[in-house]
């Protein structure tokens, strides 16, 4: 590492890597501030007058095109993404945290098998479940409801929360909870006053990561949601094919769609390793 | 009966039986030391009594009431855990107040009681601190205060001095007995340190492999261990166990080994193949070689507290440990073994105690 | 002797034994609701079932599967899926390992780079595809322009059957290499320093240390990361569907995209289900292997804690 040649090689390798992985994000960001004329210019130029018109159009929902004004529902897609992700994570926390506690604290028959069954859902082809579900949802009246979507989103968020939070419960000494019980507190008070507060960093991390994964999901809503319930991932795709749409507006829509998860990821980066490996590896 | 009474406590971990039917009574105001090597099941027993470890069977009575079917929070007892187990997100004050909050006392009452016990344990100045801001000694006192504060009729103290430094351990050994007596509670105190047991115990219960080996006052466990394992466990350095030869005399039997020949008046067996003679190191009487007696070579010398411990090789080749006050002699020199002040005879096959020697000092002619 | 007592318990019934089941039951019920469609899929796969001809629905045993054997489009799906999976996982592993090695030391700048490199991974894959679609647009895409500079004037990226695979593989690499990188980096940094210090003191050459010390010690992490990626890659849907919907032609018709189109375009539920069942069998074996490996790693982590 001390030789100048290896330092230069290493430095340029890292520069190339950063270029490859960051360029698309930066380029789309630039595009989102360009007018159509700037975008279509060949060769591309870095010097342009930035415009907010793409964002204004998206957020106002009114798109002035050559063929008249076009209504777009991007804001509604954003709202759907937020609603679906927040509600799914909240439901998963309510369901998953007690279960994670049970798996961490009690060696009970079926315990491990239940836990692993839940984990294995993470790895089965989602369409295997989604396609028949699209038929069942019609019978159950869940087609195109937020409730039905949030239920199915548990497939993404629940295993994640379950396994990460379980790790945090396992890391805390059970004696602390025993001491609280011996002090005279009920099981429920011990769970809410001792176990959950002590696992709070893990619960927060799992929640943030589950939010990111729910937000980024595509196929669930593609199969089960119609236009007015679709999150940004599906909405943006429909956008591309919409007649008269401008490229700068697509770019702006992408930026607005990925911004929340990127910001959360930067905030939660300490726990990303753990979350991505479902609690198997600590960062 | 007031106090704690347990009988037939069994605990299984999978197929292994960790406690094989423990019986024990602790009267109110009494301190019983639960002594044994690690893995003996001491902590498991406390946890079973507290209800945080399910017992397969057995009865636990506190002040006459059966509690074995109750959840831990309904059992009237206080427990100090080995690792302190303080609540890391609560202040020392709130840690100590926890049992009082569970009992729904009013805030002013809680304040009075927490302050009183904190004063007693001299941690009143750190009540506002979080556990991670406390020294080990302060943590240990906080854990103790939490166990004491609700004045429970039963106190379970799981090796509370293990994780504190030697100086504090020494101080606490002096402070604890009067403190515990003042609570009037039935106390079970777990330790692996026989000195701690001697200092604190009204009675010692020796536990090994999930079974009680002996339940007796501390002096008796020390002076008259019920079996070879107790003799080996209780005492540091441990009791010498020497292969002896029985010699019949007019009204009693002597056991000869390494130049000692203590008499056993109560022994009714006269013939036994190589019984084990147990002699505490400090009971090996030493004299200068000039006085006669059996010579023994000093192989090694280790200072221990105010005494020194000698590893000796007696004339017959047996090695034994003796301890003596005063200046340490040099290794390689010789002493004379003049006899045994006190000795115990064990059956080599069953390991059980056969007899205790008479009080007289025996010197081989 | 105490002047205040614990509340007398209302019941002498210990909730203890049932508690863990009560706690995990809600989670399980939610997921069991999801097992039902899974079973339905298995049944559909044994039926002739087309939504457009509801009256023709009938049980045909393994008919759907048997017809796969002589169906070139099925074998095309298998081939495309294998190429996609092998290419993405292989390249991502090599690249991820290289980056992890470069960032191994815990310096401030390395930590910043490793965090920044995770941004692609946090981008929704479907949106990542859109981003690359914009960049490879033949009209104005910056990458189209860039390849024209090196003489490839007629390079059509995803619209050309010959380069479509390359394009989606590139997007997959962009999104998922950071995943392997971050896992291997965590693994590298968790290795005990002693063997490396000893090797350095003894003057062992770096290449030898890498192949004989680093790689073997890192292998549990490599295996976990690879299995994880294999499982995702063989099922890839988002990137391919968002980029070309399986086209052009059937050049990117991987399992899930094929099943999706079979279901919604041709309304052939039975065939679609059979295709997914084949995929499920593959993922079942992979995930079984993965879960065991993952469990080992997890217990190791517990052991360290």
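Pair-distance distribution P(r) for the protein assembly as shown, from all Cα-Cα distances in 20 Å bins starting at 0: 12, 31, 28, 19, 9, 2, 0 percent. Over the C-alpha atoms of chain B, the Rg to Rh ratio, Rh being the Kirkwood estimate, stands at 1.06.
Taking every DSSP bridge with both residues inside the protein assembly as shown, close to 80 percent are antiparallel. The percentage of C-alpha pairs in the stretch B:240-356 whose separation is greater than 23 Å is 29%. For chain B, the longest principal axis of the C-alpha atoms and the axis of helix B:107-120 are separated by about 20°. Mind telling me which of A:184, A:11, A:202 comes out most flexible in a GNM of chain A, alpha-carbon contacts under 10 Å? Of A:184, A:11, A:202, the most mobile in the Gaussian network model is A:11.
Restricting the calculation to alpha carbons of the stretch B:88-213 gives Rg and Dmax of 15.2, 47 angstrom. Taking the longest Cα principal axis of chain A as reference, the axis of helix A:4-31 is set at about 70 degrees.
For the stretch B:334-357, the residues whose amide N sits under 11 Å from a probe point set 7 Å from the Cα of residue B:274 along the beta carbon direction are B:348-349. Where the alpha-carbon atoms of the stretch A:74-276 are placed on the principal axes, they occupy 69, 39, 25 Å, in descending order. With all projection directions averaged, the alpha carbon convex hull of the stretch C:72-304 covers 15.9 nm².
The mean sequence separation of alpha-carbon pairs under 8 Å and at least six residues apart, normalised by the residue count of chain C, gives a relative contact order of 27 percent.
Counting only the Cα atoms, the stretch B:47-153 fills a convex hull of 104 Å³ per residue. Cβ-Cβ distance of residue C:21 and residue B:173, R₀ of 41 Å, FRET efficiency by 1/(1 + (r/R0)^6): the value works out to about 0.30.
Taking 0.36 nm per residue of separation and subtracting the current Cα-Cα distance, fully stretching the chain between residue B:104 and residue B:57 would add 13.7 nm.
Computed over the protein assembly as shown, the per-residue total of -39500 (n - 2.57) for DSSP H runs of n ≥ 4 gives a 222 nm mean residue ellipticity of -16500 deg cm²/dmol, rounded to 500. Look at the stretch C:246-256: the mean tally of other chain Cβ atoms within 10 Å of its residues' Cβ atoms is 1.
To the nearest 10 degrees, how steep is helix B:92-102 against the longest Cα principal axis of chain B, on a 0 to 90 scale? It is inclined by approximately 70 degrees. For the stretch A:164-262, relative contact order (Cα pairs under 8 Å, six or more residues apart, normalised by length) works out to 22 percent. A compact globular protein would have a Cα radius of gyration near 2.2 N^0.38 Å; the ratio found for the stretch A:70-121 is 1.76.
Using the Cβ-Cβ distance between residue C:67 and residue A:238 with R0 = 45 Å, the FRET efficiency computed as 1/(1 + (r/R0)^6) comes to roughly 0.85.
On the beta carbon distance between residue B:195 and residue C:200, with R0 = 41 Å, the FRET formula returns roughly 0.25.
Counted residue by residue at 0.36 nm each, then reduced by the alpha carbon distance between them, the extension gain from residue C:106 to residue C:39 reaches 19.3 nm.
Computed from the coordinates by the stated procedures, all read-outs in this text should not be read as laboratory data. In this text, all values refer to a predicted model and were calculated from it rather than measured experimentally. Neighbour counts are summed over all protein chains in view; Cβ atoms, including those assigned to glycine, are modelled from backbone coordinates with ideal geometry.
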